[in-house]
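A short write-up of the structure that comes next.
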């Protein structure tokens with residue numbers, strides 16, 4: 001009589017829709033650290049350096065797409081500085097929200113996967129089309 005030595009896992013199959021929302025259960029006396037990799041190898045922590053690089057990376061490329069020349073000629077340097085300050089405040093809030101979402105429910109992928117996970121798959125599809133159209 002052959003016996004199976006394979007240990008049955010309590011995790012659902014990867015094709016199961018509830019796979020991403022599954023939280024492993026702990027037995028009595030089991031402690032999971034915050035750095036444990038129970039979600040497919042992703043850790044739920046970001047260091048100070050990673051958060052700063054996310055904020056800097058989100059705001060570096062935006063000055064390229066703003067036409068500085070016409071704004072400077074038409075409104076002057078004071079208005080241009082005020083516009084840049086307001087623009088960077090908005091970017092700081094958006095980057096903070098993205099960092100909070102990435103820490104709370106990490107997904108492997110970019111902001112398109114975050115849009116699909118947090119809002120709707122159709123929203124993620126449209127975010128991908130918008131990124132493609134740039």
So, for the Cα atoms of the stretch 48-133, Rg and Dmax in Å stand at 15.8, 45
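Run the numbers for residue 45 and residue 94: contour at 0.36 nm per residue of separation, minus the present Cα-Cα distance, in nm.
Details: separation 49, 0.36 × 49 = 17.64 nm, distance 1.88 nm.
Stretched out fully, the residue 45 to residue 94 stretch lengthens by 15.8 nm.
Using 0.36 nm per residue of separation minus the Cα-Cα distance, give me the extension gain between residue 53 and residue 68 in nm, one decimal. Please list the in-between numbers first.
On the way: separation 15, 0.36 × 15 = 5.40 nm, distance 2.46 nm.
Length gained between residue 53 and residue 68: 2.9 nm.
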Residue span residue 131 to residue 101: 0.36 nm per residue of separation minus Cα-Cα distance leaves a gain in nm of 8.8 nm
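None of the figures in this text is laboratory data; all of them are computed from the coordinates on show. This is a predicted model, so every value here is computed, not measured.
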